[in-house]
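To keep things clear, I will list the structure first and then write my remarks on it.
The values are calculated or read from the model by the stated rules, or taken from the named source; none is laboratory data. All values derive from a computational prediction rather than experimental measurement. No Cβ is skipped: glycine too gets one built from the backbone with ideal geometry, and neighbour counts run over all protein chains shown. These accessible areas exclude ligands, DNA and RNA; they are computed on the full protein's heavy atoms, side chains included. Shrake-Rupley method; radii C 1.70, N 1.55, O 1.52, S 1.80 Å.
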Amino acid sequence: RGYLPVIKEAVGGLFKKAGVEPKDIAKAAFYAPDPRRVMELAKSVGLNPQAQLQDPLIEAMGCTGTAHPLMLLAAALEEASPGAKLLMASYGNGSDAFLFTVKEGVEELRGTRRGVKGHLERKKPLPDYTTYLRWKGLVTMPERRVPMAVSYPSAVAIWRERNRIYPFHGVKCKNCGTVQYPPQRVCIKCKAKDNFEEVRLYDKKGTLFSFSFDFLRGIPIGIVNLEGGGRVFLELADVDVRELKVGMEMEFTFRKLDLWRSDGIYGYFWKATPVTA
Ligand SMILES: [Zn+2]
């Protein structure tokens, strides 16, 4: 038993249980190992692959495993009208099938997020296959000749600063309104002490103040001035260092950091990337 019979059974069961017929489905978001198999699957459950199958995006992003049907569902929602029925089915150790009815208000969200489409439009191919292998941990690279003494923050320190790190919060002085990042205890402008409120910064834009290239780690790094105040030092993502210019508009994206931690714990933080759209 493989892909076709397993999903077919799950979807067939769902149709029966929900009292819907294949023709009621606006778009089906199916896990897809390859474009041809998913077409076969659509036909086998009575759907018209041309009209009712959500583009499996295999050529644009490959097969993303567990996330695949959810990404396709998100892509389907970006185009869906209220009242439309969307079908989603996963595959792997069986199959889970879901039926959704799109509610009013879906159109209002359009254009407010980057979405699957937006992310795919701004994707950048890796420069070479070696980079892919290295990022995926599929090859062992030679030791760096210059050992880097990275001191890892303890879990306690991360917990204490969690709002600065994960939701990218800075502080705003309650006395003079100056926004500061990283968070301070004393206002840089009016010197008021411990008189701040936290403000969210990740959805702010910024301008590139300075940048450099870290040849040890092979990544661009920069200092970005945030709109409304605050200055942050971070890694830059999805950009060739030769394309960087002081003063260019930047936005923020939450990413995994390429730190060589011997304890195997991943570090995450925001990175800045040029605004493209
Ligand atoms: Zn102040």
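Data table
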quantity: Members of the stretch 196-210 found to be farther than 16 Å from residue 236 by Cα and crowded, with 16+ Cβ neighbours inside 10 Å, listed by number; calculated: 196, 199, 201
quantity: Complete set of residues in the stretch 264-277 that are at pLDDT below 90 and either touching a His at 6+ places or on another chain (Cβ under 6 Å) or not in a strand (DSSP E or B) (or both); calculated: 264, 265, 266, 267, 276, 277
quantity: Tabulated pairs, the stretch 174-194, first on the phi > 0 side of the Ramachandran plot, second in a loop (DSSP other than H, G, I, E, B) and loosely packed, with under 13 Cβ neighbours inside 10 Å, C-beta under 6 angstrom, 6+ apart or interchain; calculated: 194/185
quantity: Any hit, the stretch 55-77, residues being open to solvent by less than 60 Å² (accessible area, probe 1.4 Å) and more than 30 Å from residue 124 (Cα to Cα); calculated: no
quantity: Of the criteria (1) under 28 Å from residue 124 (Cβ atoms); (2) open to solvent by 30 Å² or more (accessible area, probe 1.4 Å), which one residue 191 fails; calculated: (1)
quantity: Residue count for the stretch 164-182, restricted to those that are within 13 Å of the ligand (Cβ to nearest atom) and open to solvent by 40 Å² or more (accessible area, probe 1.4 Å); calculated: 4
quantity: Spans of strands (runs of 3 or more DSSP E) in the stretch 1-107 with at least 2 residues in contact with a His (Cβ under 9 Å, 6 or more places away or on another chain); calculated: 25-30
quantity: Answer residue from the stretch 132-148, given it is of a type outside the set (A, V, I, L, M, F, W, C) and assigned to a loop (DSSP other than H, G, I, E, B) and is modelled with the lowest pLDDT among those; calculated: 147
